[in-house]
Amino acid sequence: MLSQLNSPPLYLICGLIILFVAIVCVCFLVRAYRAGKKAGMDPAVLKRAIISSATFSVLPSVGILLGVIALSGSLGTPWPWLRLSVIGALHYETQVAEAAAEQVGIGRLSASTMTPEAFVTIALLMSICIMWGMVLSVLFNKSYLKKIRRRGGDAKKGPEKGGFGDMAVTAMFTGLVSVYFGSYIGGFVSGRGRFTFEGDFTPILVCLASAAVMSVFTWLSAKKGLKWLEGFSIAGSMLIGMLTAVLF
Amino acid sequence: MEERKAFLARYETNTHRLGRICTAVALLLLVGAPFLIGRVIGAQPDMMAVLRGYLAVGLVWTVSSVAEFLIYTPMLGAGGGYLAFITGNLINMKIPCAMNARDIAGTKAGTTENDIVSTLSIATSSLVTIGVLALGVLLMVPLQPLLTSPTLSPAFDNVVPALFGAFGYQYFRKNPKLAALPLALMTVLFVCVPSLTAQTSVLILPAGAITIGLAYRMYRKGRKDQKGKNSV
């Protein structure tokens, strides 16, 4: 079965879809860059945003590659490659694939029990379960953004200035980071029984190491005038944070 | 100035048109792919099993998708929003990436400039992922033992904590008063109900709502103080 799932036609189908999405990304990238320049934004700032995003994305992408490797043993390589290059999310794919395998009656996700019918059913289920973000985007992105901006008071001020909307986004992200921090602390304190302090301490350690390195980057950038470091600060902090997990 | 405003408005309208078309095509390709693959390997999906599976696991993810759309669209703006939902990996990559680019460029959410920076960031990030994954698939045989080695596995298990450590420093430092309450609440919640760690993403919405509520109070207070100063 695995040889069928790793056959050239499957690579071709999945590869062409990935190519389509890559072209869409290039198209949006070029349009946005040109629009930024035309709108009078500093090209150096735009380039810094691009470089920073590129360096930042390398390490998480390697993490996502591990998801492809993990799923390739049961679903072949092309399908996980497609799912995790496009639309999919690392934490989602494995969970849904496992649950879908149960529903199609092959028990657990495994190459030895996989049949062609089970595979296409699992593949369709994986696509349907996570497509709603795209559906909502097509239907409501425009009207939702319009509504949010009106509520944030930005529309009245014109497109260049932010109002409470900007603060709300910062607040939302602060809330999001708090959830993850809280889960790491909760995992350590009560992960192996409430208040036993025997849970996994590594995520907290990694967080602290990464934050400490980030503080050094911020200091170098703000106080020592090394502005160019901003583009590498997140990637550098993550790298040291992840290394801490290996060392301890 | 008027010309610039008109250009930005035109850019936004065209972004929505392009975004809708590209998302619809991508959606069609992704849902159509299993049927096409089925023709190649000689089987078609069992629609009853799909329905059963959707009711069993899909509903949770549908709710999660709706929440993601409501939370992340205002953060990403038009172009970034369409791209992020096509390319996925929002929480572990696209959202932090766009927020980082926003901080670097110093743009404000809700502005077209922020949409531009967010689009640049997410498009770049997606292209890097596509490149890394394509390279990884090409070099799967030599890379697999290295990447899955027990020595390196703790590093890749902790990508998200490393990411949020760096961001936590930036955001908590900017406004510790705003961060203190949600952080304390979430910590208490996870300590008292440890099973919730399996549903972290569900708690983002209430935590975000609490933090936005706090931010609004601070915003109102700031404006009142400012008015008071101006009247003096």
Work out from phi, with θ = phi - 60° and the Karplus expression 6.51 cos²θ - 1.76 cosθ + 1.60, the ³J(HN,Hα) of each residue of the stretch B:118-135, listed in order in whole Hz, and give x for Gly and Pro. 5, 5, 4, 5, 6, 5, 4, 4, 5, 5, 5, 4, 4, x, 4, 5, 5, 5
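Hey, with R₀ at 41 Å, roughly what FRET efficiency would residue A:47 and residue B:225 work out to, going by the Cβ-Cβ distance, to 0.05?
Values: r = 39 Å, r/R0 = 0.94.
The value I calculate is 0.60.
Given a Förster distance of 56 Å, report the FRET efficiency between residue B:31 and residue A:194 from their Cβ-Cβ distance, rounded to the nearest 0.05.
Values: r = 44 Å, r/R0 = 0.78.
That gives a FRET efficiency of 0.80.
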Taking just the alpha-carbon atoms of chain B, what radius of gyration and Dmax come out, in angstrom? 21.9, 80
Rounded, prolate or oblate, given the Cα gyration tensor of the stretch A:2-130, with a/c below 1.5 counting as rounded? prolate
Tell me the label-point distance for the pair residue B:17, residue A:110, using the 7 Å Cα-to-Cβ offset, in nm and rounded to one decimal. 5.5
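Are any of the pairs A:146/A:223; A:224/B:224; A:142/B:229; A:224/B:177 more than 32 Å apart by Cα-Cα distance, and if so, which? Provide the component values of the computation, followed by the final result.
Values: A:146/A:223 39 Å; A:224/B:224 37 Å; A:142/B:229 39 Å; A:224/B:177 27 Å.
Those over the limit are A:146/A:223; A:224/B:224; A:142/B:229.
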Taking each pair of distinct Cα atoms in the protein assembly as shown once, what is the resulting Kirkwood hydrodynamic radius in Å? 23.0
Compute the distance in nm between two label points, each set 7 Å from the Cα along the Cα-to-Cβ direction, one at residue B:47 and one at residue B:202. 3.2
Roughly how far apart, in whole Å, are the Cα centres of the stretch B:101-143 and the stretch A:188-248? 22
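Using 1/(1 + (r/R0)^6) with R0 = 22 angstrom and r between the beta carbons of residue B:3 and residue A:34, what's the FRET efficiency to the nearest 0.05? Can you show the working numbers first?
Details: r = 16 Å, r/R0 = 0.72.
Working from the Cβ atoms, E equals 0.90.
Here, each number is a calculation from the coordinates, and none is a lab measurement. Everything numeric here is computed off the predicted structure, so don't read it as measured data. Cβ coordinates were reconstructed from backbone atoms using ideal geometry, including for glycine residues, and neighbour counts include every protein chain displayed.
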